[in-house]
1. So what is the diffusion coefficient of segment 2-92 in µm² per second by Stokes-Einstein at 10 °C and 1.306 mPa s, using a Kirkwood Rh over Cα pairs?
2. Restricting to DSSP H runs of at least four residues, report the calculated mean residue ellipticity at 222 nm for the chain, -39500 (n - 2.57) per run over all residues, nearest 500 deg cm²/dmol.
3. Only counting other Cβ atoms within 10 Å, I'd like Arg57, Arg102 sorted with the fewest neighbours first.
4. For Cα pairs less than 8 Å apart in space and 6+ apart in sequence, what is the mean separation divided by the residue count of segment 1-69, i.e. the relative contact order in percent?
5. For a quick check: sort His80, His62, His70 by the number of other beta carbons within 10 angstrom, fewest at the front.
6. Any idea what angle helix 69-78 forms with the longest principal axis of the chain, computed on alpha-carbon atoms, 0 to 90 degrees, nearest 10?
7. According to the square roots a ≥ b ≥ c of the eigenvalues of the Cα gyration tensor, what is the shape class of segment 44-95, taking rounded for a/c under 1.5, prolate for a/b larger than b/c otherwise, and oblate for the remainder?
8. Under a 10 Å cutoff between Cα atoms, tell me which one of Gly48, Gly34, Gly68 has the largest fluctuation in the Gaussian network model of the chain.
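What follows is calculated from the coordinates using simple rules that are stated; it is not laboratory data. It should be emphasised that the depicted structure is a prediction, and the values quoted were computed from it without experimental measurement. Cβ: placed from backbone, ideal geometry, glycine included. Neighbour counts: every protein chain shown.
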Amino acid sequence: MIIVQGFMKVQPEDFAQYKRRIVLHTAHVQLLDGCLQYSLAEDPGIPGLIWVAERWRDKPAHSAHMVGDHMGQFNQFMKHMPISASHIACYEIEGDGQWLMRVGSASVS
């Protein structure tokens, strides 16, 4: 499994524009083969800070996402979105990881 975790910081006044674009991008990515989770969310306490959390079935699925047309379009959009800080890392783990807490259904919908 591939885990992607991190953050990026956009200017708070740009967040509304970013949010409109990311809603479309996220909806597309979540339908890709091998995407187990794709979440981008603003931190409620730090305006403009976006947390990134992704889970992919395997390297080929994540690689296909990274070279897809949707990522090219998103990267073009982000060229015009000033980022003041960013750190996003990719990790490969064996199996499904270790449960730290599990209550109720595994589905969020």
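1. Calculated translational D: 118 µm²/s.
2. Numbers: 3 runs with 33 residues, N = 109.
Mean residue ellipticity, 222 nm, calculated: -9000 deg cm²/dmol.
3. Numbers: Arg57 13, Arg102 7.
Listed from fewest to most nearby Cβ atoms, that is Arg102, Arg57.
4. On the way: 102 pairs, mean separation 30.1, N = 69.
RCO, segment 1-69: 44 percent.
5. Details: His80 8, His62 21, His70 13.
Exposure proxy ranking, most exposed first: His80, His70, His62.
6. The two axes meet at around 40 degrees.
7. Values: a/c = 2.87, a/b = 1.33, b/c = 2.16.
Oblate.
8. Residue with maximal mean-square fluctuation among Gly48, Gly34, Gly68: Gly68.
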